[in-house]
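A.B. asks: Quick one: structure below, then a few questions.
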Amino acid sequence: MEVTGVLAPTVTVFISSSLNTFRSEKRYSRSLTIAGFKCKLELLVGSPASCTELELYGVDDKFYSKLDQEDALLGSYPVDDGSRIHLTDHGGARLGEMRTCPGWRSTRSHKKPATRGKTRSASVRFFLKRSKLGRYNEEERAQQEAEAAQRLAKEKAEASSIPVGSRCEVRVAGHSPRWGTVMYVGLTDFKPGYWTGVRYDEPRGKNDGSVNGKHYFERQAKYGAFVKPAVVTVGDFPEEDYGLDGI
């Protein structure tokens, strides 16, 4: 089975924000971490990265997922050319206004409006230095991106060895083994990275093959689950009849 991976190193997206009504079309590297991506958006939109929340919308403007894992790569989410990423400012700023987060120390003087630009630049530098982002720690940022890319590549390799339709055993820490049939392998809209959709023989799952309204496969409620490829073992695991199909 072939698993589709990242096709291009960069992606062109539209950026919208709760601070303004216009959209910007920008191109970004898929190897950016979400933390680094927020840092770039801070310079574009003006909202401090530590106060922002990102949401991904498809080319049809349908909501896909939140970009909420700081160390995950932008490319590990289903971001395609023409997608929209919406930035929500939680720092209390209103439409058309830029503001630093509550708790940030401000040295602005109401008597000297000319210093506001300098204060904002100082706040940006403070955030970058405190968070070890941007030019203040290029090596650490590069290392984080390399590690995230390695994790994604490892998951892709593991996923490529799991054929859809094969019998499998799932071993998750803290749970007894579960057996079922592989129904889906690949990227999803609900979380970054590669996932394996399993139809369990028993009602020991969490869903019916759908997450957030999107169906990846169909099964009775509690028979479906999505797990990482690393906990899935493909093999000769005969399906037993538990007499639960009618329940």
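A.B. asks: Just need a number here: residues in region 186-210 that are assigned to a loop (DSSP other than H, G, I, E, B) and free of Cβ contacts under 8 Å to residues at least 60 places away in the same chain.
C.D. replies: Summing the residues that are assigned to a loop (DSSP other than H, G, I, E, B) and free of Cβ contacts under 8 Å to residues at least 60 places away in the same chain in region 186-210 gives 8.
A.B. asks: If you don't mind, another one. Check off (1) among the charged types (D, E, K, R); (2) exposed (fewer than 12 other Cβ atoms within 10 Å of the Cβ); (3) not in a helix (DSSP H, G or I) for Glu169 and give me the number that stays unchecked.
C.D. replies: (2)
A.B. asks: Now for a separate question. For region 182-199, which positions are open to solvent by 10 Å² or more (accessible area, probe 1.4 Å) and either over 21 Å from the mean Cα position of the chain (by Cα) or more than 23 Å from Gly235 (Cβ to Cβ) (or both)?
C.D. replies: Met183, Leu187, Asp189, Phe190, Lys191, Pro192, Arg199
A.B. asks: If you don't mind, another one. Consider only pairs whose beta carbons are under 9 Å apart and that are at least six residues apart or on different chains; among these, list those whose first residue lies in region 211-233 and is at positive phi and whose second residue is in a loop (DSSP other than H, G, I, E, B) and among the small types (Gly, Ala, Ser).
C.D. replies: Close Cβ pairs (under 9 Å, with a partner that is in a loop (DSSP other than H, G, I, E, B) and among the small types (Gly, Ala, Ser)) amount to Lys222/Gly205.
A.B. asks: I'd like to check something: does region 23-34 contain any residue that is surrounded by fewer than 17 Cβ atoms within 10 Å (Cβ to Cβ), modelled with pLDDT of 90 or more and within 26 Å of Gly186 (Cα to Cα)?
C.D. replies: yes
The values are calculated or read from the model by the stated rules, or taken from the named source; none is laboratory data. These figures come from a predicted structure and were not determined experimentally. Reconstructed Cβ throughout: ideal geometry from the backbone, glycine too, with neighbour counts over all protein chains shown. Heavy atoms of the whole protein, side chains included, go into the accessibility calculation; ligands, DNA and RNA do not. Shrake-Rupley method; radii C 1.70, N 1.55, O 1.52, S 1.80 Å.
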